[in-house]
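Report on the following structure.
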Amino acid sequence: MQNILLVEDDPEITRLISLHLDEAQYKLTCCNTGKDAMEFLGNSSFNLVMLDIGLPDSNGMEICKQLRSGDNQTPVMMLTCHSEESDKVLALELGADDYITKPFGILELLARIKAMIRRGNFVTSKDQRNISYAELRIDPVKKKASLNEQRLDLTVKEFDLLFILSSNPGKVFTRKELLEIVWGVAFAGYEHTVTSHVNRLRLKIETDLNHPKYILTAWGSGYRFAE
């Protein structure tokens, strides 16, 4: 049973989603304000949060930002009437995992829900042993990383990116693959975001940016973690 929190103030959209989610597979909790959403998230565990951007008491982007600043790793799907690229990029940078524009087809929505939960399970079900390489330590359970015994100040996406690469040493990931695993299929075409996150991550873990020790570039392909 997958627990989903739907934060949506449009009763028709709430009814539509409730109607089509398989009750045997999903348990849906609904609310229509940011305040209620934060209370649910503080008291319960969810596999996915579906978050409307335009709420009566707050902005969904701000709620997503609060979640990520509090180390809440629950996958977030933004629901919005806005289709501008700038909104998608902002949602991605704040830690959203998916972004779907209203009105949406129910089959597409169901497919994205399944993909997000499957990706979330992939990240959390990977080998949970700590990863150590040179001076770098990664704790996948606590979602923490340290360098020279000093905790690294990583964003959610930076940690996920580091974890995926380091748990597959030597394996080359294309930017598209990393985008789909870490951010989700909704952000197809935003491969430059992977590059910017790798660059920021390197600034935090590499001593010599011209000769990186941990995250290596596979020219013409993507990135790999040192073997």
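The values are calculated or read from the model by the stated rules, or taken from the named source; none is laboratory data. All figures in this text were calculated on a predicted structure; none of them were measured in a lab. Glycine also receives a Cβ, built like all others from the backbone with ideal geometry; neighbour counts cover every protein chain displayed. These accessible areas exclude ligands, DNA and RNA; they are computed on the full protein's heavy atoms, side chains included. Shrake-Rupley method; radii C 1.70, N 1.55, O 1.52, S 1.80 Å.
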If I filter the range 67-79 for residues that are over 22 Å from residue 160 (Cα atoms), in contact with an Asp or Glu (Cβ under 9 Å, 6 or more places away or on another chain) and at pLDDT 85 or above, do I get at least one hit? yes
Of the numbered conditions (1) touching an Asp or Glu at 6+ places or on another chain (Cβ under 9 Å); (2) modelled with pLDDT of 90 or more; (3) closer than 18 Å to residue 215 by Cβ, residue 140 satisfies every one except a single condition; which is it? (2)
Residues (more than 21 Å from the chain's Cα centre (by Cα) and in a strand (DSSP E or B)) located in the range 129-145: 132, 133, 136, 137
Determine whether residue 219 is open to solvent by 30 Å² or more (accessible area, probe 1.4 Å) and either of a type in the set (Phe, Trp, Tyr) or in contact (Cβ under 8 Å) with a residue 24 or more places away in the chain (or both). yes
Specify the residue that is nearest to the chain's Cα centre (by Cα); the eligible residues are those in the range 27-62 that are surrounded by 19 or more Cβ atoms within 10 Å (Cβ to Cβ) and not hydrophobic (A, V, I, L, M, F, W, C). 47
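Any idea which residue in the range 80-97 is surrounded by the fewest Cβ atoms within 10 Å (Cβ to Cβ), counting only those that are among the aliphatic types (A, V, I, L, M) and more than 16 Å from residue 41 (Cβ to Cβ)?
First, the residues of the range 80-97 that are among the aliphatic types (A, V, I, L, M): 89-92, 94, 96.
From what's left, more than 16 Å from residue 41 (Cβ to Cβ): 89-92.
Working: 89: 15, 90: 17, 91: 26, 92: 23.
Per the stated criteria, the residue is 89.
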How many residues are of a type in the set (Ser, Thr, Tyr) and at pLDDT below 90 if we restrict to the range 168-195? 2
Note on the range 203-216: residues part of a helix (DSSP H, G or I) and either among the aromatic types (Phe, Trp, Tyr) or exposed (fewer than 10 other Cβ atoms within 10 Å of the Cβ) (or both) are 203
So, in the range 140-171, how many residues would count as being touching a Gly at 6+ places or on another chain (Cβ under 9 Å) and either charged (D, E, K, R) or surrounded by fewer than 15 Cβ atoms within 10 Å (Cβ to Cβ) (or both)? 1
Need at least 1 residues that are without any contact (Cβ under 8 Å) to a residue 40 or more places away in the chain per element, so show me which strands (runs of 3 or more DSSP E) inside the range 5-104 make the cut, counting only ones lying wholly within it. 26-31, 76-80, 98-101
